[in-house]
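Working notes, beginning with the structure itself.
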Amino acid sequence: MAPINYLVYFLPTIAALCLMQYATAASMFSLDYLPHLIVGLAWCITFPLLYSWTYHTAWYISEIRIDFLFGTGLFVLLTTLQTLCYFPRHYPRVIAAVFAILDILCLLIPFLEISYYCIYQHCLSPASLMALYLTNPQEAIDFLQSNVTVPAFIGTVAGVCFFFYLAYRANRDYLIKAQSVTYSLKKCIILSVTAIFMFGYLFFFLFSQTSIITNWTEVSDYVHQNERYSTNYVERFNDLKLNNSTATLAQTNPGTVIMVIGESASRNYMKAYTPDFPYDDTPWLQQRMQDPNFVVFRNVYSSWVQTVQVLQRALTEQSQYNNKQFFNSTSVIDVAKKAGYDTYWFSNQGRYGQYDSAITLVAKTADYAKWTDDSYVFTDKFDDSLLNFLPEVDPNKNNFVVLHLMGSHIYYNNRYPAEFEKWQDEEGNPNQASYANSILYTDYILSQIYNYAKEHLHLQAMIYYSDHGEDINISHNPDVFRFDMVRIPMFVYLSNEYQKSYPVQTKALKHNEKQFFTNDMVYDTVCGILNAPSNRYDVGQDFSSPQYRFNLQNLTTMLGERKLTDDPYLK
């Protein structure tokens, strides 16, 4: 606690620790206090230690100070409260059980940190806390199914029960011993004042400054900041001015444009992209590679490995390559409206968490927005439920339709109906076949969307890309990054009518078939395809423009943290 400004944190904690030992006439290392000592030490060392193991460097000293002080203070609080509870002499067992439960509750956050580290060998970071913040019951169940085995679950429950038993025994023995001691009024007052002070000091001052809670607050502030997107929407939409020197696609070629957003699709596990992949899971896409109306891009990457952070960039002006903020950015929905389209958003993914995610905020600006479950849960419906929405699109109007798939989100075998279980997982490779089945089902869904739109909606263009990829052994987690998690599929369909009217965009897209691209530039590419340049458009980020300025050497992923040249699959 060397810097003098930390004395304000240090002195109250040490004073409370000394007063507690004086009033109880026992050392802080007494076995009578062992359960509470374990709780205090867990808070002292868990995050700093896991951080050090993860990054092979010490956690910030200033943050370690707060963690140690909070853990020490929590130990003091539990001990003083338990000592004060010696008064109800007839209920030592009940009081002992209550304090054993308190010990377990106080260990919950350190336990979650340790559990996460055991699964991923990485401490909880703001990125993983963001996923936790935006999670919901169904997604939590899928995570547990994917990462926690039955023996591990049974062992955890047994461990919690064993700790409860030991804590109960220690707390009971201490209470019985305390009841044999006569405490003076002075010591009772000291214990009471210490307990009241430490409760306020810990939970109104120190708790919010501990390492794990500081990271959680950072995530919470980020989510609340994104809510400003709705607040400034009208002003931002009015500021969007299209270039009136050229007619938009809607004016030149009336019809429908569809954008399909996939989920967790990695081209490493798709036969169309990886010929030696053992499962033929993309028959329709492979046929489209021979179709002159389709451009199937070979080298597309996602900008991050989690849905919300990826799509808030793919759907808006914000990208890795500019300094724009999400809440100050216009979206593809805004551009489509200005370009003369009725806009639709149909999603088979739930509205995440307690607060609207960036995706939902964009979706709700569409003229028509529907979710298959229309609730704040992660749906368990299959993606063919989205097909039921397509007849709601008026074929006599210009339409811009976004379809958000559930795709191959874990748990993979929950993502397709029984008739698409073409392959069975093999021993030693438990996820590959079920993942391939989910890709096969997505391939089918894409074919159905295309067929319906072409037959009924005068389809002018169709864009498909996945939000991010997947490592089938560890899913998609930024804390254990693999390039499988960002290698994604993407294609564009252009009607014959479109190609005749817009030869520049058509030629550029076909030229870029094997060029490199990251999906945070989808917004500008959609602007180009709609022939709707504006004051909020960057031609250098438009994959459909001859002026596209990016290549393998200057593209990045993981929000600028990793270069595409680092991809081991390119070597």
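The values are calculated or read from the model by the stated rules, or taken from the named source; none is laboratory data. As the structure is a prediction and not an experimental result, all values here were calculated from the model. Cβ sites come from the backbone with ideal geometry, for glycine too, and all protein chains shown count toward neighbours. Just the protein is used for accessible areas: all its heavy atoms, side chains included, with ligands, DNA and RNA removed. Shrake-Rupley method; radii C 1.70, N 1.55, O 1.52, S 1.80 Å.
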What is the residue count in the stretch 18-44 for residues that are open to solvent by less than 20 Å² (accessible area, probe 1.4 Å) and closer than 15 Å to Ala170 by Cβ?
-> 6
Go through (1) open to solvent by less than 10 Å² (accessible area, probe 1.4 Å); (2) in contact with a helix residue (DSSP H, G or I) (Cβ under 7 Å, 6 or more places away or on another chain); (3) under 22 Å from Val305 (Cβ atoms) and name the single condition Ser466 misses.
-> (2)
Can you name the condition, by its number, that Ala433 falls short on among (1) farther than 26 Å from Leu311 by Cα; (2) outside any helix (DSSP H, G or I)?
-> (2)
Within the stretch 436-473, work out how many residues are among the β-branched types (Val, Ile, Thr) and either without any contact (Cβ under 8 Å) to a residue 40 or more places away in the chain or outside any helix (DSSP H, G or I) (or both).
-> 2
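Return yes or no: is Lys397 more than 20 Å from Gln287 (Cβ to Cβ), at pLDDT 95 or above, among the charged types (D, E, K, R) and open to solvent by 10 Å² or more (accessible area, probe 1.4 Å)?
Yes; evaluated as a whole, the condition is true for this residue.
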Taking the stretch 194-212 and the residues there that are of a type outside the set (Phe, Trp, Tyr), in contact (Cβ under 8 Å) with a residue 40 or more places away in the chain and in a helix (DSSP H, G or I), the one that is most open to solvent (accessible area, probe 1.4 Å) would be Gln209
Members of the stretch 426-435 found to be surrounded by fewer than 23 Cβ atoms within 10 Å (Cβ to Cβ) and in contact (Cβ under 8 Å) with a residue 12 or more places away in the chain, listed by number = Asn431, Gln432, Ala433, Ser434
State which residue is modelled with the highest pLDDT when the search covers only the stretch 129-154 and only residues that are closer than 13 Å to Val308 by Cβ and part of a helix (DSSP H, G or I).
-> Leu129
Could you pull out the residue among Thr360, Thr379 that is at pLDDT 65 or above, open to solvent by less than 10 Å² (accessible area, probe 1.4 Å) and within 21 Å of the chain's Cα centre (by Cα)?
-> Thr360
Looking at Asn293, is it more than 21 Å from Leu403 (Cα to Cα) and modelled with pLDDT of 95 or more?
-> no
Can you tell me which of Tyr301, Tyr279 is crowded, with 24+ Cβ neighbours inside 10 Å, under 30 Å from the mean Cα position of the chain (by Cα), at pLDDT 95 or above and of a type in the set (Phe, Trp, Tyr)?
-> Tyr301
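Taking the stretch 546-560, which residues are open to solvent by 10 Å² or more (accessible area, probe 1.4 Å) and in a loop (DSSP other than H, G, I, E, B)?
Taking the stretch 546-560 first, the residues open to solvent by 10 Å² or more (accessible area, probe 1.4 Å) are 546-554, 556, 559-560.
Passing the criteria: Pro546, Gln547, Tyr548, Arg549, Phe550, Asn551, Leu552, Gln553, Asn554, Leu559, Gly560.
Which residue is nearest to Ser319 (Cα to Cα), if the candidates are limited to the stretch 561-571 and must be assigned to a helix (DSSP H, G or I) and in contact with a Phe, Trp or Tyr (Cβ under 8 Å, 6 or more places away or on another chain)?
Residues of the stretch 561-571 assigned to a helix (DSSP H, G or I): 564-566, 568-570.
Adding the requirement that they be in contact with a Phe, Trp or Tyr (Cβ under 8 Å, 6 or more places away or on another chain) leaves 564, 566, 568-569.
Values: Leu564: 16, Asp566: 20, Pro568: 24, Tyr569: 24 Å.
So, considering only residues that are assigned to a helix (DSSP H, G or I) and in contact with a Phe, Trp or Tyr (Cβ under 8 Å, 6 or more places away or on another chain), the one nearest to Ser319 (Cα to Cα) is Leu564.
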Provide a single number: the residues in the stretch 227-261 that are farther than 16 Å from Val526 by Cα and crowded, with 20+ Cβ neighbours inside 10 Å.
-> 1
Residues in the stretch 157-170 that are open to solvent by less than 60 Å² (accessible area, probe 1.4 Å) and either aromatic (Phe, Trp, Tyr) or farther than 21 Å from Phe75 by Cα (or both): how many?
-> 4
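Among the candidates Asp173, Asp221, single out the residue that is assigned to a helix (DSSP H, G or I), closer than 30 Å to Val335 by Cβ, open to solvent by 50 Å² or more (accessible area, probe 1.4 Å) and not aliphatic (A, V, I, L, M).
The match here is Asp221.
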Residue pairs within 7 Å by beta carbon, gap of at least six or interchain, first lying in the stretch 117-131 and open to solvent by 40 Å² or more (accessible area, probe 1.4 Å), second assigned to a loop (DSSP other than H, G, I, E, B), listed first then second, are Tyr117/Cys123; Ala131/Gln306
Residue list for the stretch 159-190, restricted to those being aliphatic (A, V, I, L, M), at pLDDT 80 or above and over 21 Å from Leu37 (Cα atoms) | Leu185, Ile189
Quick check: anything in the stretch 522-531 under 18 Å from Thr316 (Cβ atoms) and either modelled with pLDDT under 95 or open to solvent by 50 Å² or more (accessible area, probe 1.4 Å) (or both)?
-> no
